[in-house]
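The values are calculated or read from the model by the stated rules, or taken from the named source; none is laboratory data. The structure presented is a predicted model; accordingly, all values stated were derived computationally and were not measured. Note that we place each Cβ from the backbone using ideal geometry, even for glycine, and neighbour counts take in every protein chain shown. Surface accessibility is based on the protein's heavy atoms, side chains included, excluding ligands, DNA and RNA. Shrake-Rupley method; radii C 1.70, N 1.55, O 1.52, S 1.80 Å.
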Amino acid sequence: MGVRQYINLYLSIIMILNSSSLSLLLNNSSASSSSSSCRLQEQFSLNGMYQKGDVILGGLFEVHYFTVFPELSFTSEPHQLYCEGFTSCGFQQAQTMAFAVDEINRNPDLLPNIKLGYQLYDDCQKLGVSLRAAMSLASGREKEFLLDETCSGSPPVLGIVGDPGSTNSIAISSVLGLFRVPMVSHYATCSCLSDRSKYPSFFRTIPSDSFQVRAMIQILHRLGWTWVGLVFSDDDYGVYAARSFHSSLAKSGGCVAYSQVLPKDNRPTELQRIVGEIKSSTARVVVVFSNEAYLLPLVDEVVVQNVKGLQWIASEAWSTSSVFHTPRLMPYLGGTLGIAIRRGEIPGLKDYLLSIRPDDQPANNPGNNMVKQFWEAVFGCRLEPPASWVEAGGDVCTGQEDLRDVETDCGDVSELRPEYNVYKAVYALAHALHDLLQCVPGRGPFSGHRCASLQRLEPWQVVHYLERVNFTTGFGDRVSFDDNGDALAIYDIMNWVWLQDGSVQVETVGVIDESAPAGQELTLDEDRIFWNFESKKPPRSVCSESCPPGTRVARKKGEPVCCFNCISCAEGEVSNTTDSAECLRCPEDFWSSPERDLCIPKGVEFLSYQESLGISLMTASLLGALICAVVLGIFTRYRNTPVVKANNSELSFLLLLSLKLCFLCSLLFIGRPRLWTCQLRHAAFGISFVLCVSCILVKTMVVLAVFRTSKPGGNASLKWFGAGQQRGTVLVLTSFQAAICTAWLVSASPTPHKNTRYHNDKIVYECVVGSVAGFGALLGYIGLLAFLSFLLAFLARNLPDNFNEAKFITFSMLIFCAVWISFVPAYVSSPGMYADAVEIFAILASSFGLLVALFGPKCYIILLRPERNTKKALMGRATTKT
């Protein structure tokens, strides 16, 4: 309990002591230790109703709303306070309790042979009066009783139904809880009352504000309202509800635009300030925790400042209040959504209410009889009028008037909400007593397996059974209490429909049931809701609109989390659906779409057979292979001619075969890289070119050897370059390259690789060489052989034509070296598939250079100058030149 509650409780106790009305004091001989009796000095003068019974139930209701306190002169005994401003709603709740007691007494299955009675008091909506009434119920009505050691007999009241106010219930339960006197409130909703350590004997049949707040949060979330204003009354009900609403809304992702406390004294300047902030705020939804008494002055100021276009959310304290249903207020409050207590039906209550008569009440009813005041208020007469009333022409009541002949809310049972909670509270106490009396001796719940008895009944024993009560009303609602004394939470969702004729109809448009499965607690029929806007649609109430896909939330410094800017996600990132403050990085093989709203597969790049570059290179490769096949066919056809037989025709055929392999190996560089293609492409390329260059090297060496044999003493050199030696040399030189490739593939084999360094939105498929040393050794060995071939051919370039091809070999090797020297920087600087294209171009260019330079002249002679393809012609040229 807060400081304010302690102060209120303290002041109330001071008022009780000053009035000298409840103090349970010893008589004049109390100073003596031998005193054996205790008496009440005086009783309160309270409005009430009373009915005798074997067991009495207490009740506290708000029948009047204004209290007139006497002046305290401290020189004489003060007069009793009295209440004014009769409310039919509170009276109907009190009568509902009386009806429930009467119904239980007529029920043979519930508390048989036990007659319930009641003692009801009016708290006049004042803490001091409520505390006086509670103490009167707890102390009993006997003016004097004997003190003995047995303390036999039942307590003055079995339990108390009420108080409807949260502040009053806090104060009363703080005192009565010390003695474990059970209280079952039908209207006190403060979540603080769920604290069992402070209020161990407090129960209620209305849901706690904590659930009401959760219900409101669900409605706000359902309708997409994250930016709301909050207004609450300056009492325990409003303060605790507002505190819970703040924390719950923040957890759900919403924000409070402003939070205003309604002044108790209705100061115009304060009300103007509050309405001014409501008017200037961008929040279109206003949540109000208050009763109509606090709220009505604010609504009047809303009308004065003409603040329209707001969606009001009403707490259960004013969601069904008819005081706002006027043509003056409906343009501003029409369409209000509210949380309302569950509506119930009580068969027989209407007839009971309409059959009330003032002469039916006991003559010894304490204080001013509630029924008498009700009767006089309804019919505008006096039952026991003073002479001045009669002289002034006032009507005198006979007590026989018929309530059916006048318009009154007393018989209206169409909206039984707090009355239904009263009905359930009475039955809860009755069922607790019934279960207590059904206890089997020796099997009781108390120490020693004892049972409680009506003759020696303790209040805490009733609390024990009340905690375990579980029954179903005739309307089908189950009544039980959780560990905090709270009832099963269920609310109706109300909507104020402003009809065309100017009248107002409050309709139920949904239900919130905490006992429903998770995620199904809220049932809301949005199509039935009346929206008091021109669009006839729910308003938008957000501080900042949700960030569109492809952006993230950037908080505004010093502002609530609902107010933010939207910043585009970076490339490769997309908006996060679970955390709007961060963007998600796309997986490795994905990239953000242009809208940055989803990750899409990255584009794939490699030298493909389907694109123009790949087709061109493939065509050139196949053309080269085809030319090699044609030349091979020509050489095969003319294999016995001198041009073909000159300088070892076997090497020429092997050279053509190796050139064909060079052309075909370039096809391995086209297409999506696979493990086998990556491993095979460089090996095939290296071995094919070494085979080709080895043949050229051997041919060059043979030319030099043959030239030496033409000189005296040179026959010895030719024996080292016979056909077997030539084939062996080619095989040995090629085997070295094969060994290099094998070592390379075994140690660090080339593998396919997805390269994303070149393009963020593309995956470049390429083959990584694995071992740079291996790749370098392969190229270096080819370069070494090519250099040796070029050097030897260059030295033999001036030998007689009929003896050699040195000039053509020199020219072909010059082309070959130029191509591969320029290949290195071009290959290193080319990204992705273009590196493969450069390598293919180098292969094709060098291969075509060798093919044309070495076999072009021979094919020219064979096909176009056959007269020169004779031994005589070749020898003749040699003779002429010599």
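Students often forget the sequence filter, so: which lysines lie under 17 Å Cα-Cα from residue 645 once same-chain residues fewer than 8 apart are removed?
Within reach: 699, 858, 871, 872.
Can you give the calculated 222 nm mean residue ellipticity of the chain, where each DSSP H run of n ≥ 4 adds -39,500 (n - 2.57) and the sum is split over every residue, rounded to the nearest 500 deg cm²/dmol?
Taking each H run of at least 4 residues, the total per residue is -14000 deg cm²/dmol.
Based on C-alpha coordinates, I'd like the Rg and Dmax of segment 271-369, in Å.
Calculated on Cα positions, Rg and Dmax stand at 19.4, 61 Å.
Bin all alpha-carbon pair distances of segment 831-870 at 5 Å intervals from 0 and give each bin's fraction as a whole percent.
Bins of 5 Å from zero give 6, 22, 15, 14, 11, 10, 8, 6, 5, 2, 1 percent of pairs.
For the chain, restrict the atom set to alpha-carbon positions and state the Rg and Dmax in Å.
53.1, 173
Quick check for you: with a 1.4 Å probe and neighbouring chains kept, what is the accessible area per residue of the chain, in Å²?
46
Percent relative contact order of segment 422-531, based on C-alpha pairs within less than 8 angstrom and at least six residues apart?
Relative CO of segment 422-531 lands at 15 percent.
Would you please report the Å³ per residue occupied by the convex hull of the alpha carbon atoms in segment 192-245?
87
Ordered by packing density, taken as the mean number of other Cβ atoms within 10 Å over each peptide's residues, highest first, how do 435-445, 306-316 rank?
The packing order, highest mean first, is 306-316, 435-445.
What whole-number distance in Å separates the alpha-carbon centres of segment 804-871 and segment 770-793?
Here the two parts' Cα centres lie 16 Å apart.
Subtracting the Cα-Cα distance from 0.36 nm times the residue separation, let me have the gained length for residue 568 to residue 74 in nm, one decimal.
Using 0.36 nm per residue and subtracting the Cα-Cα distance, I get 170.2 nm.
Could you give the Stokes-Einstein D for segment 485-638 in µm² per second, using the C-alpha Kirkwood radius, 25 °C, 0.890 mPa s?
Using the Kirkwood radius from Cα pairs, D works out to 105 µm²/s.
Using the structure shown, select from 251/279; 264/308; 264/350; 660/762 the pairs with a Cα to Cα distance greater than 28 angstrom.
264/350; 660/762
Looking only at Cα atoms, what is the convex hull volume of segment 551-645 per residue, in Å³?
132
Please work out whether segment 379-526 counts as rounded, prolate or oblate from its C-alpha gyration tensor, where a ≥ b ≥ c are the square roots of the eigenvalues and a/c under 1.5 means rounded, while otherwise a/b larger than b/c means prolate and anything else oblate?
Cα axes put segment 379-526 in the oblate bin.
Over all directions, average the projected area of the Cα convex hull of segment 402-470 and note it in nm².
With the hull built on Cα positions only, its mean projection is 7.2 nm².
On average, how much area does the Cα convex hull of segment 516-585 cover when viewed from any direction, in nm²?
If you wrap the Cα atoms of segment 516-585 in a convex hull and average its projections, you get 7.9 nm².
How much of the DSSP beta bridge set in the chain is antiparallel, as a percent to the nearest 5?
Antiparallel bridges make up about 60 percent of those DSSP assigns within the chain.
Just the number: Rg to Rh for segment 639-683, Cα atoms, Kirkwood Rh, two decimals.
Result for segment 639-683 is an Rg/Rh of 1.26.
Once the Cα gyration tensor of segment 311-468 is found, what semi-axes does its equivalent ellipsoid get, as square roots of 5 times the eigenvalues, in whole Å, sorted largest first?
40, 29, 13
How high is the relative contact order of the chain, given as a whole-number percent (alpha carbon pairs under 8 Å, six or more residues apart)?
Here the relative contact order equals 9 percent.
Can you give me the Cα centroid spacing of segment 412-470 and segment 62-126 in angstrom?
22
State, to one decimal in nm, how far the label point of residue 759 lies from the label point of residue 653, with both points 7 Å from Cα in the Cβ direction.
It is 4.8 nm.
Compute the separation of the alpha-carbon centres of segment 512-538 and segment 200-261 and state it in Å as a whole number.
First find each Cα centre; the distance between them is then 17 Å.
Could you estimate the translational diffusion coefficient of segment 751-847 from the Stokes-Einstein equation, with Rh from the Kirkwood formula over C-alpha pairs, at 10 °C and 1.306 mPa s, in whole µm²/s?
In µm²/s, the coefficient is 102.
Would you please report the Å³ per residue occupied by the convex hull of the alpha carbon atoms in segment 101-242?
163
Going by alpha carbons, how many degrees (0 to 90, nearest 10) lie between the helix axis of 675-709 and the longest principal axis of the chain?
The angle comes out at about 10 degrees.
Sticking with the crude label model, points 7 Å out along Cα→Cβ, report the distance from residue 822 to residue 388 in nm, one decimal please.
Taking the two extended label points, one gets 12.7 nm.
Can you tell me the mean projection area, over all orientations, of the convex hull of segment 41-133's alpha carbons? Units nm², please.
7.1
Leaving out ligands, DNA and RNA, and with a 1.4 Å probe, what % of the accessible surface on the chain is carbon or sulfur?
Answer for the chain is 56 percent, counting heavy atoms of protein chains only.
Which value, to two decimals, describes the C-alpha radius of gyration of segment 206-321 once divided by 2.2 N^0.38 Å?
With N residues counted in segment 206-321, Rg over 2.2 N^0.38 Å equals 0.99.
For segment 601-690, which trypsin sites (Lys or Arg not before Pro) pass both filters: DSSP loop (anything but H, G, I, E, B) and at most 16 other C-beta atoms within 10 Å?
Answer by residue number: 639, 674.
When only C-alpha pairs under 8 Å and at least 6 residues apart count, what is the relative contact order of segment 456-584, in percent?
Value for segment 456-584: 12 percent.
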